[in-house]
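This report concerns only the one structure given below.
The values are calculated or read from the model by the stated rules, or taken from the named source; none is laboratory data. Source: prediction; values computed, not measured. Here Cβ is always computed from backbone atoms with ideal geometry, including for glycine, and neighbour counts include all displayed protein chains. These accessible areas exclude ligands, DNA and RNA; they are computed on the full protein's heavy atoms, side chains included. Shrake-Rupley method; radii C 1.70, N 1.55, O 1.52, S 1.80 Å.
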Amino acid sequence: MSKRETVLITGFGPFRQFLVNPSWITAQGLKLAGLGESIDVYIKELPVSYDVTQQIITDLWHTLKPKFAVHLGIARASSLVILEQTGKNSGYRDRDVCGFCPTGHCCIEGGLEKLDCVINVRAVSKHFHQAGMDVIHSRDAGRYLCDFAYYCSLYHGQRRAAFIHIPSSGRLASVERLVPLLQDIIVTMLEQLDDSKYLGRYSPSIH
């Protein structure tokens, strides 16, 4: 019997007009839908707080030891699924829901300025875009809690993390349509993660 592995999926808590954050609803939907028989899906809601989010992500990587982590956040005024390649360490000057900014406006003091996901996100987004899906890739996760959580996870997870911005409008804003697409995207990422030959050809940049 093959060993079961864990994939961590997070969504955010209440933020501005979102009393229940769509990213958390989507994470719950993915938990119910699953990612295949060999994968255990563990979900966690992250508050829109720099300090608490950093502590939760750090603890989860050290205790849960997931195979891969997928973090979800809402992309306001977007109808697209946006796969983020890069997390940034510094420049966090917008206050969180508690009114705070991170110490030194950065995630990890002394950390590299940018970390890339070990997955070739551009290739994944191209695959789904060519199949007619509203999926694109990005290298700018926004320098707020989404970007902050992503960098923290990339740092503690040896870059085995992805961030997906989900749409707030359009047909994919429906959980019933969004969850099956995200299932396929995450499974594709996991297949790429398992393909050592592929990863050998793709060397994520570290800055």
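When only C-alpha pairs under 8 Å and at least 6 residues apart count, what is the relative contact order of the chain, in percent?
27 percent
Which Cα, out of 81, 112, 132, lies furthest along the positive dipole direction of the chain (beta carbon charges, K/R +1, D/E -1)?
132
Which of 52, 99, 144 sits closest to the plus end of the dipole of the chain, meaning its Cα is farthest towards the positive end, when Lys and Arg get +1 and Asp and Glu get -1 on the C-beta?
144
Going by amide H atoms built from the backbone, whose H comes under 5 Å of the H on residue 46, apart from near neighbours?
11, 12, 13
Whenever you get a sec, compute what percent of the accessible area on the stretch 62-207 sits on carbon and sulfur atoms (1.4 Å probe).
Values: 3420 of 6840 Å².
With neighbouring chains kept in place, the figure for the stretch 62-207 is 50 percent.
Go through 31/114; 44/65; 65/126; 67/114; 3/65; 31/126 and tell me which ones have a Cα-Cα distance over 24 Å in this structure. Walk me through the numbers on the way to the answer.
Working: 31/114 30 Å; 44/65 14 Å; 65/126 29 Å; 67/114 22 Å; 3/65 14 Å; 31/126 26 Å.
Checking Cα-Cα distances, 31/114; 65/126; 31/126 exceed 24 Å.
Can you compute the helix-only [θ] at 222 nm over the chain? Use -39500 (n - 2.57) per DSSP H run of at least 4 residues, normalise by all residues, nearest 500 deg cm²/dmol. Can you show the working numbers first?
Numbers: 6 runs with 74 residues, N = 207.
Here the helix-only value at 222 nm equals -11000 deg cm²/dmol.
Longest segment of the chain with no chymotrypsin sites (Phe, Trp or Tyr not before Pro) in a DSSP loop having at most 16 other Cβ atoms within 10 Å?
On the way: sites that count: 100, 202.
Result, exposed sites excluded: 101-201.
Starting from the Cα gyration tensor of the chain, take the square roots of the eigenvalues, sort them a ≥ b ≥ c, and report rounded, prolate or oblate (rounded when a/c is under 1.5, otherwise prolate if a/b is larger than b/c, else oblate).
Values: a/c = 1.36, a/b = 1.15, b/c = 1.18.
Rounded shape, in that the Cα axes give a/c under 1.5.
Distance between Cα centroids, the stretch 14-30 to the stretch 124-164: provide it in whole Å.
With the stretch 14-30 and the stretch 124-164 each reduced to a Cα centre, they are spaced 18 Å.
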